[in-house]
Amino acid sequence: MALLIINLAVLKVQAQTQGYTQANNEFDFNHDLSRQWALEFNAGQSWTTLPGHDNLLSNLGQVYGRLWVHFAMNDKWKFSFFYAYYYNHNLPEINQRQAPEWRSAMQAIYYIERRRAIITTRWRIEDRHIYNTDSVYEAVDRLRGQIKIVYPFNGPTLGKHIIYGIGSEELMFKTSSKVSGPQLFDRNRITAGFGYGVTANLQIELTYSNEYLPRPDVSDSYNAIQVNIIFNNVLPRLKNLILGEKKAPEDSSAN
């Protein structure tokens, strides 16, 4: 009898959680303006399964563009701001199709360790304006806290031909809204993966993440694979590609 009760409880828990599989990719373009200031632009998209549709690439979930400004105050603190546009074509968590979103955020990163292992804690406050079923942009504020470690395996620092590991844990809290629900706790995200420095200015990262979104009726669980391609100091190289590199003038004394 006890075993039957346990089995029924497990089935009940499983019935209350809806699982999704996602495939994400992002292109990151970074450029240092000085020792303290930097610019960054991200462009990405997400594909997702839906109930009754298990083909991963048949449902476009989201596309976005995001522009950052970074300020490194010292070796321990970095502050950032971004403004972004997200086109949420079919995101299960919003439970609404075609919900465009304007998002801005302020972020602070503290470097706990900055030797071979890079250990950081990050706090971000997001101001989201999501188009809802009433045809208005509804405001949703979200607080995100993360701890992250990056560790190079075959060298002392990140760079060319360096393989490195990535791991992070993140908690998110949000305000109540019609489009995102009344819950204060939004989700928990665990991420693990690897990166590789193709050159000094090009990195490729492959990560797996699990997100759990507890909800009163049906909770959501997302298992996502993400590929990031990172281009560093891209503006000078883009200028040389478009305009061509300037050649040094010939030395007349050599003739």
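The values are calculated or read from the model by the stated rules, or taken from the named source; none is laboratory data. Since the model is a prediction, treat every value here as computed from it, not as a measurement. Glycine gets a Cβ as well: all are built from the backbone with ideal geometry, and neighbour counts include every protein chain shown.
At a glance:
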read-out	value
Subset tally (residues that are surrounded by 13 or more Cβ atoms within 10 Å (Cβ to Cβ) and over 16 Å from the mean Cα position of the chain (by Cα)) for the stretch 72-94	8
Residue count, the stretch 55-102 (criterion: part of a loop (DSSP other than H, G, I, E, B), at pLDDT 95 or above and either on the phi > 0 side of the Ramachandran plot or of a type outside the set (Lys, Arg) (or both))	2
Close pairs from the stretch 90-111: first farther than 25 Å from Pro216 by Cα, partner in a strand (DSSP E or B) and of a type in the set (Gly, Ala, Ser), Cβ under 6 Å, at least 6 apart	Arg103/Ala84; Gln107/Ser80
Test result for Leu206, under 17 Å from the mean Cα position of the chain (by Cα) and closer than 27 Å to Ile125 by Cα	yes
Odd one out for Gln18 among (1) modelled with pLDDT under 95; (2) in a strand (DSSP E or B); (3) in contact with a Phe, Trp or Tyr (Cβ under 9 Å, 6 or more places away or on another chain)	(3)
Restricting the stretch 123-145 to residues that are touching a strand residue (DSSP E or B) at 6+ places or on another chain (Cβ under 7 Å) and of a type in the set (Asp, Glu), the residue that is surrounded by the fewest Cβ atoms within 10 Å (Cβ to Cβ)	Asp141
Selection count, the stretch 22-38, where residues are out of contact with any His (no Cβ under 9 Å at 6 or more places or on another chain), at pLDDT 95 or above and outside any strand (DSSP E or B)	0
Residue within the stretch 190-213 that is closer than 14 Å to Glu93 by Cα, of a type outside the set (Ser, Thr, Tyr) and touching a residue at least 24 places away in the same chain (Cβ under 8 Å) present	yes
In the stretch 153-178, residue surrounded by the most Cβ atoms within 10 Å (Cβ to Cβ) [restricted to those that are within 30 Å of Val136 (Cβ to Cβ) and within 21 Å of the chain's Cα centre (by Cα)]	Lys174
Filter result (assigned to a loop (DSSP other than H, G, I, E, B) and either aliphatic (A, V, I, L, M) or at pLDDT 95 or above (or both)) within the stretch 198-226	Ala200, Val218
Odd one out for Thr120, checked against (1) modelled with pLDDT under 95; (2) touching a Lys or Arg at 6+ places or on another chain (Cβ under 8 Å); (3) surrounded by 13 or more Cβ atoms within 10 Å (Cβ to Cβ)	(1)
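Conditions tested, residue by residue: (1) assigned to a strand (DSSP E or B); (2) farther than 20 Å from Gly44 by Cβ.
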{"residue": "Ser104", "(1), (2)": "yes, no"}
{"residue": "Asp134", "(1), (2)": "no, yes"}
{"residue": "Ile147", "(1), (2)": "yes, yes"}
{"residue": "Asn154", "(1), (2)": "no, yes"}
{"residue": "Phe173", "(1), (2)": "yes, yes"}
{"residue": "Arg189", "(1), (2)": "yes, no"}
